[in-house]
Amino acid sequence: MSDSVRIGILGDFNKEFRSHHATNDALQHAAHKLDMKVESEWLPTTSLASGAGDKKLEGYDGFWGAPGSPYKSFDGMLKGIEFARRRDWPYLGTCGGFQYAFIEFARNVLNIADADSAENDSGSKNIVIYPVACAVPDRKGNAPKLSGAIPEIRLRPGSYLQSFYGKDQESVTEEFFCNFEINPDFEWATMEAGFPVVARGPQGEIRAIESPTHRFFVATLYQPQLSSTEKNPHPVVLAFVQAAADWGRKKLDDSVLE
């Protein structure tokens with residue numbers, strides 16, 4: 001193995017959450033496929049809240065904003081995402097990591113100071129993340145409104161996201177496990193902040209955003225880790241790990257030149 005990659009997972013690990021174990025596993029699926037060593041570490045949101053952790057964050061090659069909202073520290077999650085966005089570190093956000101990426105740039109790029117999720121019940125006038133409008137029918141028990149494999153997720157032609165799946169891929173089936181999505185009244189904020197919509201659900205719902213100007217910044221409401229396997233690593237996770245490896249090498253080369 002020629003490369004060793006360090007991934008910081010922004011979130012509060014819970015051994016009861018299938019998606020948290022799947023996050024760890026998906027990284028190893030990618031590592032095996034790419035023939036590299038991936039070391040991942042969960043970074044509790046409370047440890048990020050002070051902002052004093054920037055030096056520690058510099059030691060990672062990429063960040064995965066994990067599912068699991070509401071987080072123990074709202075501010076800590078936002079600070080971790082802000083570091084990746086401002087410093088141009090590779091970032092993949094899934095489910096909660098998608099929702100909070102939207103909140104972060106709504107607050108810090110567009111100056112919507114009280115941008116928030118309805119899940120937090122904060123009384124904000126700018127609820128940019130709100131309850132899923134169209135629930136999946138026939139879902140199991142108390143499963144979230146969006147859960148299970150959902151087909152016809154349409155990819156934006158020419159986007160980075162589409163290129164990960166293959167340039168001829170027009171739509172994909174992906175697994176969801178969430179109750180909240182972007183409030184369509186704030187869709188304008190995605191383009192205004194430089195994070196255009198690159199995947200939509202069957203009714204036009206926002207399902208993924210990306211930054212065309214960052215090294216790698218992709219956030220999906222769906223959870224690619226849930227369908228990743230050893231034999232078939234998820235293409236989005238593969239692309240993320242490769243981007244982190246490339247950035248890790250560049251950081252190392254730059255430090256040698258200094």
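Does Asp88 count as closer than 15 Å to Ala244 by Cβ and either out of contact with any Phe, Trp or Tyr (no Cβ under 9 Å at 6 or more places or on another chain) or crowded, with 24+ Cβ neighbours inside 10 Å (or both)? Criteria not met by Asp88. Residues that are under 25 Å from Ala189 (Cα atoms), in contact with a helix residue (DSSP H, G or I) (Cβ under 8 Å, 6 or more places away or on another chain), part of a loop (DSSP other than H, G, I, E, B) and in contact (Cβ under 8 Å) with a residue 12 or more places away in the chain are absent from the range 134-145 altogether.
Each residue in the range 1-15 was checked for being surrounded by fewer than 19 Cβ atoms within 10 Å (Cβ to Cβ) and at pLDDT 95 or above, and 4 pass.
Looking across the range 38-73, just one residue is open to solvent by 50 Å² or more (accessible area, probe 1.4 Å) and of a type in the set (A, V, I, L, M), and that is Ala52. Checked against (1) in contact (Cβ under 8 Å) with a residue 12 or more places away in the chain; (2) in a loop (DSSP other than H, G, I, E, B); (3) among the acidic types (Asp, Glu), Glu82 passes all but a single condition, namely (2). For the range 16-37, residues that are open to solvent by 20 Å² or more (accessible area, probe 1.4 Å), more than 18 Å from the chain's Cα centre (by Cα) and hydrophobic (A, V, I, L, M, F, W, C) total 1. Restricting Arg200, Arg139, Arg154 to those that are of a type in the set (D, E, K, R) and within 17 Å of the chain's Cα centre (by Cα) reduces the list to Arg200.
Does Gln169 fit the bill of being at pLDDT 95 or above and either more than 28 Å from Ala113 (Cα to Cα) or in contact with a strand residue (DSSP E or B) (Cβ under 7 Å, 6 or more places away or on another chain) (or both)? No; evaluated as a whole, the condition is false for this residue.
All conditions in (1) open to solvent by less than 20 Å² (accessible area, probe 1.4 Å); (2) closer than 21 Å to Arg249 by Cβ; (3) out of contact with any strand residue (DSSP E or B) (no Cβ under 8 Å at 6 or more places or on another chain) hold for Leu78, with the sole exception of (2). Output the residue which, of all residues in the range 103-132 that are part of a loop (DSSP other than H, G, I, E, B), β-branched (Val, Ile, Thr) and closer than 16 Å to Gly194 by Cβ, is least open to solvent (accessible area, probe 1.4 Å). Among them, the one singled out is Ile112.
The values are calculated or read from the model by the stated rules, or taken from the named source; none is laboratory data. Quick caveat: nothing in here was measured; it's all calculated off a predicted structure. Virtual Cβ from ideal backbone geometry, glycine too; neighbours counted across all protein chains shown. To get the accessible areas, we keep the full protein, side chains included, count just its heavy atoms, and leave off ligands, DNA and RNA. Shrake-Rupley method; radii C 1.70, N 1.55, O 1.52, S 1.80 Å.
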